[in-house]
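Data block below; observations after.
The values are calculated or read from the model by the stated rules, or taken from the named source; none is laboratory data. For clarity, every value in this text was computed on a predicted model and none was experimentally measured. Methodologically, a virtual Cβ is constructed for each residue, glycine included, from the backbone with ideal geometry; neighbour enumeration extends over all protein chains shown.
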């Protein structure tokens, strides 16, 4: 293979969270200057701001970049997150937590939730949330990092963050530019294609520059300037399964100490998020324009905010779905340009992170081997479809019929893959993780039980243990969780003393 077959220049179009995450990661990994990295963005184009809530995998990304966690917490005004509380989703005046980490302990090689199902059928237990360390710690407002305490939930505490996306972008830019990423302030006026193979050959900018490159990364958000505007890749529309197509968002003042979890409250035509940061509260109402008006949505958002508004509410429009190809010719779409799933389970930043990881695993040479591109697209599609199913599950398994929106959700068709998952759990209490999907068994169990789907059976090996022995073990789990949480500082105390 000739020496000059390596990619010598990567051009990233678009900044924001996805653009600067990509630039920071690639520049860190290519610190030997194997290839040049340029990022084109314009202050004229506002960033959507990919979510302010995350899942635990973000810790690995920050570690890859060499970002100290305390510095990250300070610079992004971050708080910690044990999971998500879902209010009024199953029915009005009902709530449950989808916590990070595990639920209970497995007995005799059988998953804990099967024992809980048996005891619930006998009326001998309360909520399964009482056996999830992160649920109990989150609701108590407690937070700390893992410590070396054997056989204790404190030895392995799973958590993520809430943070200011704009401040995170500044931190990522510092990392990227320190590692020789070049930033160009301009907009793209024209994408120039090679007439022989249809690849992107260069970009004509508004400032008169002509930018050439080998690999182009589209981080232009919903517009998909390269992947769609230039390459006409096509889009799979999932709005028949994901009916919410709009959001109205606004920050507000904090009125209490920030809680270490995200709150999602179901509303008449969608749901409202509440994301507590150190310096403010992030708020948004994700809704379906088919079932409400902008004025009604804005009123519901504002009425549901406790503190004083810090900015006028603004609207976002989107369409749930994904590109037919994430990687087309010499262009890879990362972030909102590749597809969109509403932020119900805080997956947006993770999808950027996994796209970057997948690109590094399959990083091309200038001949762009089609098998690598096909593998990338296949893996990306499976990941997106599995996350899609998990989100749809929240809507489909509602008991609410008080508004046209929730009646639609209750009766809508769902993908066959999700139908099988729900049917298996309903009949046997079993969940199988497929294709290394993002959400594990604990997540599916938390949401399906939380939404009121009680299995008809449990694993037959549960009956190996006498009922009084199961009761004793379950009480012990609750006791260990309770005493562990009592030893933890509040989140406010932990941030003040450590971050």
### Query
Taking segment 376-416 only, how many residues are part of a helix (DSSP H, G or I), surrounded by 15 or more Cβ atoms within 10 Å (Cβ to Cβ) and more than 19 Å from the chain's Cα centre (by Cα)?
7
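For residue 360, state whether it is at pLDDT 95 or above and within 16 Å of residue 223 (Cβ to Cβ). Break it down into steps so the answer makes sense when it comes.
Values: at pLDDT 95 or above: yes; within 16 Å of residue 223 (Cβ to Cβ): no.
No, not satisfied.
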### Message
List the residue pairs whose Cβ atoms are under 9 Å apart, where the first residue sits in segment 117-140 and is at positive phi and buried (at least 21 other Cβ atoms within 10 Å of the Cβ), the second is at pLDDT 95 or above and outside any helix (DSSP H, G or I), and the two are 6 or more positions apart or on different chains.
### Response
none
### Query
Looking at (1) surrounded by fewer than 20 Cβ atoms within 10 Å (Cβ to Cβ); (2) farther than 30 Å from residue 5 by Cβ, which is the only condition residue 371 fails?
(2)
### Task
May I ask you to list the residues in segment 289-324 that are touching a helix residue (DSSP H, G or I) at 6+ places or on another chain (Cβ under 7 Å), closer than 24 Å to residue 220 by Cα and not in a strand (DSSP E or B)?
313, 318
### Task
Scan segment 417-433 for residues that are modelled with pLDDT of 95 or more and either out of contact with any helix residue (DSSP H, G or I) (no Cβ under 6 Å at 6 or more places or on another chain) or outside any helix (DSSP H, G or I) (or both) and jot them down.
419, 420, 421, 422, 423, 424, 426, 427, 428, 429, 430, 431
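Restricting to segment 423-445, count the residues that are within 27 Å of residue 349 (Cα to Cα) and without any contact (Cβ under 8 Å) to a residue 60 or more places away in the chain.
Filtering segment 423-445 down to residues within 27 Å of residue 349 (Cα to Cα) leaves 431-445.
This time we only want the ones that are without any contact (Cβ under 8 Å) to a residue 60 or more places away in the chain, so: 431-437, 440, 444.
Number satisfying all stated conditions: 9.
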## Note on the structure
Selection from segment 108-139 of residues in contact with a strand residue (DSSP E or B) (Cβ under 9 Å, 6 or more places away or on another chain) and under 24 Å from residue 488 (Cβ atoms) yields 127, 128, 129, 132, 133, 134, 135, 136, 137, 138, 139
### Task
Mind checking which strands (runs of 3 or more DSSP E) fall wholly inside segment 71-166 and carry at least 2 residues that are farther than 30 Å from residue 409 by Cα?
79-81
### Summary
Checked against (1) buried (at least 20 other Cβ atoms within 10 Å of the Cβ); (2) part of a loop (DSSP other than H, G, I, E, B), residue 251 satisfies every condition except (2)
### Message
Filter segment 49-70 down to the residues that are free of Cβ contacts under 8 Å to residues at least 24 places away in the same chain and assigned to a loop (DSSP other than H, G, I, E, B) and list them by number.
### Response
68
### Query
Looking at segment 254-275, which of its residues are assigned to a loop (DSSP other than H, G, I, E, B) and free of Cβ contacts under 8 Å to residues at least 60 places away in the same chain?
254, 255, 256
